[in-house]
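First up is the structure itself, then whatever we jot down about it.
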Amino acid sequence: MAAATNRLLPPLELEVMKTLWQLGEATVRDVQRELGRRRPLAYTTVMTLLDRVARKGAATRRKQGRAHLYRPVLSRDAALELAIDRLTGDFFDGSRSRLLGHLQGETNAASPESEEPLDATLL
C-alpha cells in the first residue's frame, strides 16, 4: 500500500474523496450515484478518479466479488492541513498567523500585493 498523499488533490479527485469520507467504503457505482446528486459524471470517469486517488495513496482498493471497494486513507483533517499549507505558502509566505490575521480583517496581514485592486477578468 502506498503512503497517503502529501500533495493537494485536484478538484475532481477531492470531490471523490469527499464522497468516500461520507460513505466510508464504496464501489465505483456508489460513488457515481452520490456524486451525481451534485455533478453527474460517467461511470468510467469516476472509475478513473478512484484509481488515481488509490494510486496516490489517498484511498485503498480491494476486490469484493466483481467490484472493487474503495476506502479513504487520507483523512479529511489531513487534506485540510494540505490545503491550508498550500494557501499559506502561495499567499502568506508560509505564515498561518498572517492567514489568520487576514481572516480576522487585519489589513497588514497579507502581502502588499494583495492590497491592489482585484482584476475581475482573472476570476
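The numbered conditions (1) surrounded by fewer than 19 Cβ atoms within 10 Å (Cβ to Cβ); (2) at pLDDT 95 or above are all true for residue 26 except (1). Within segment 57-86, the residues that satisfy the criterion of being charged (D, E, K, R) and touching a helix residue (DSSP H, G or I) at 6+ places or on another chain (Cβ under 8 Å) are 61, 71, 76. For segment 84-100, a residue qualifies if it is of a type outside the set (Lys, Arg) and over 19 Å from the mean Cα position of the chain (by Cα), and the qualifying residues are 92, 93, 94, 95, 97, 99, 100. On inspection, residue 93 fails the criterion of being surrounded by 13 or more Cβ atoms within 10 Å (Cβ to Cβ) and either part of a strand (DSSP E or B) or out of contact with any Asp or Glu (no Cβ under 8 Å at 6 or more places or on another chain) (or both).
Note on segment 33-82: among residues that are over 16 Å from residue 11 (Cα atoms), over 15 Å from the mean Cα position of the chain (by Cα) and of a type in the set (A, V, I, L, M, F, W, C), the one that is surrounded by the most Cβ atoms within 10 Å (Cβ to Cβ) is 69. Residue under question is residue 42, and the condition is that it be touching a residue at least 40 places away in the same chain (Cβ under 8 Å) and among the aliphatic types (A, V, I, L, M); does it hold? So residue 42 does not fit the description; no. Restricting attention to segment 45-54, does a residue exist that is under 30 Å from residue 90 (Cβ atoms) and hydroxyl-bearing (Ser, Thr, Tyr)? Looking through segment 45-54, at least one residue is under 30 Å from residue 90 (Cβ atoms) and hydroxyl-bearing (Ser, Thr, Tyr).
The values are calculated or read from the model by the stated rules, or taken from the named source; none is laboratory data. Just so we're clear, the structure is a prediction, and the values are computed from it rather than from any experiment. Ideal geometry is used to build each Cβ from the backbone, glycine not excepted, and the neighbour counts take in all protein chains shown.
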